[in-house]
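So the structure is just underneath, and the comments pick up after that.
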Amino acid sequence: MDAQIGAAFDQFYELIAPPRWKVEEGLAHARTISDHMRHSGRGVESYSFKQFRLIGSYARATAIRDFSDVDVMFEFQSLTALDFLASRPLLAGIRDLLEQSTDSTTRISEMQEVVQIEYPGGLRLDILPAVRNDSQSYLIPDGRNGWRVTAPDVQKAYFSGRDAVSRIHLPKFTRGLKYWNATRGGLVRSYHLESIVAHIGPHLGGDYAIATHKTFERLSRTVRVTDPVGRQGELSVYLSNAQCEEIAALCRASAAESLVALEAQALGNCERALTAWASVYGPRFPNYSLE
């Protein structure tokens, strides 16, 4: 990769990384909430709280500035056989408890999977309730008042392993694609996009520019991918045919623009290449000549 183009990609990945204070503040709030759950004398009916942990994009170093929430899993022990319990009462119980202990806006997410807390300053904390399923997995709300299985440790090990056998730094590259997705409506869910990138990562080579073009070409053909840790099945099932066609069109346009950038690089026209990459990735991509 041309040194100037490489420097621009590196700077872009840094510019879209969230500030460290955000996750630290999120975890501080989570700690306060967990202390309240333990010591307030009020719990969530049918459950006892055990512990919390950071999960999601911040745990995998793929979170993006201005778009990623801090995801924290709160583990509960069910006091009744889970077969007889729906997931929405657990979400409602957490929301009700938080509404009495914080002045911040608290609500259950539209997808009925997490409890969201909006704090002053722009921080949003997503609390994902979970019940231990086995030594490696948990049951979490599925959005339909039931439960589905997740395995955050297995996920983290898988993504780390794919990064280890890739020539590019997959978390940084994934961050860039998530920013691209977020600035175009966020049609592809975070874990879904991360799974696609991890699946193809070892085949993308060591050049971020070429890897970008290859990825958009792949996404323009299909967004289908099976959950790499075997818990959720096909990850694209939430997308309608119309949404898949919209994603394909966006990716075809970005693949074409990235080809313009690569051709400009090959001709030594760095300024034209940077302009094209800024068109692909959005306003945070440096589109000026770097010293």
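The values are calculated or read from the model by the stated rules, or taken from the named source; none is laboratory data. Bear in mind that the values here come from a model prediction, so they are computed numbers and not experimental data. Neighbour counts are summed over all protein chains in view; Cβ atoms, including those assigned to glycine, are modelled from backbone coordinates with ideal geometry.
Answer with yes or no whether Ile127 is β-branched (Val, Ile, Thr), under 26 Å from Ser40 (Cβ atoms) and out of contact with any Cys (no Cβ under 7 Å at 6 or more places or on another chain). Yes, satisfied.
When each of Leu98, Leu123 is tested for being more than 18 Å from Tyr191 (Cα to Cα) and under 19 Å from the mean Cα position of the chain (by Cα), the lone residue that passes is Leu123.
I need the full set of residues from the stretch 122-149 which are at positive phi and either touching a helix residue (DSSP H, G or I) at 6+ places or on another chain (Cβ under 8 Å) or not in a loop (DSSP other than H, G, I, E, B) (or both), in order please.
The one that is at positive phi and either touching a helix residue (DSSP H, G or I) at 6+ places or on another chain (Cβ under 8 Å) or not in a loop (DSSP other than H, G, I, E, B) (or both): Asn145.
The set of residues in the stretch 191-233 that are modelled with pLDDT of 95 or more and polar (S, T, N, Q) comprises Ser195, Thr212, Thr215, Ser220, Thr222, Thr226. Say whether the condition of being of a type outside the set (Gly, Ala, Ser) and in contact with a helix residue (DSSP H, G or I) (Cβ under 6 Å, 6 or more places away or on another chain) is met by at least one residue in the stretch 85-107. Taking every residue of the stretch 85-107 in turn, at least one turns out to be of a type outside the set (Gly, Ala, Ser) and in contact with a helix residue (DSSP H, G or I) (Cβ under 6 Å, 6 or more places away or on another chain). Taken over the stretch 130-148, the criterion of being surrounded by fewer than 16 Cβ atoms within 10 Å (Cβ to Cβ) and either farther than 18 Å from Gly230 by Cβ or assigned by TED's automatic domain parsing to the domain that holds Glu234 (or both) is satisfied by Arg132, Arg144, Asn145, Gly146.
For the stretch 1-89, the helices (runs of 4 or more DSSP H) that sit wholly inside it and include 1 or more residues that are in contact with a strand residue (DSSP E or B) (Cβ under 9 Å, 6 or more places away or on another chain) and under 21 Å from Thr212 (Cα atoms) are 56-59.
Pairing each residue of the stretch 192-218 that is of a type in the set (Lys, Arg) with any residue that is not in a helix (DSSP H, G or I), provided the two are 6+ apart or on different chains, yields C-beta distances under 6 Å for Lys214/Leu204.
Can you pull out every residue in the stretch 66-105 that is closer than 30 Å to Glu14 by Cβ, among the hydroxyl-bearing types (Ser, Thr, Tyr) and surrounded by fewer than 20 Cβ atoms within 10 Å (Cβ to Cβ)?
Residue satisfying the conditions is Ser104 alone.
Given the condition assigned by TED's automatic domain parsing to the domain that holds Tyr13, surrounded by fewer than 20 Cβ atoms within 10 Å (Cβ to Cβ), of a type in the set (Ser, Thr, Tyr) and in a strand (DSSP E or B), answer yes or no: does some residue in the stretch 150-162 qualify? Checked against the condition, which is being assigned by TED's automatic domain parsing to the domain that holds Tyr13, surrounded by fewer than 20 Cβ atoms within 10 Å (Cβ to Cβ), of a type in the set (Ser, Thr, Tyr) and in a strand (DSSP E or B), the stretch 150-162 yields no hits at all.
All told, Thr174 falls short of being assigned by TED's automatic domain parsing to the domain that holds Pro228 and in contact with a Gly (Cβ under 7 Å, 6 or more places away or on another chain).
Kindly indicate whether Asp66 is more than 15 Å from the chain's Cα centre (by Cα) and not β-branched (Val, Ile, Thr). Talk me through it step by step, then tell me what you get.
Values: more than 15 Å from the chain's Cα centre (by Cα): no; not β-branched (Val, Ile, Thr): yes.
The answer is no for Asp66.
Being basic (Lys, Arg) and more than 19 Å from Thr275 (Cα to Cα) is the requirement here; does Arg252 meet it? Judged against the criteria, Arg252 is not a match.
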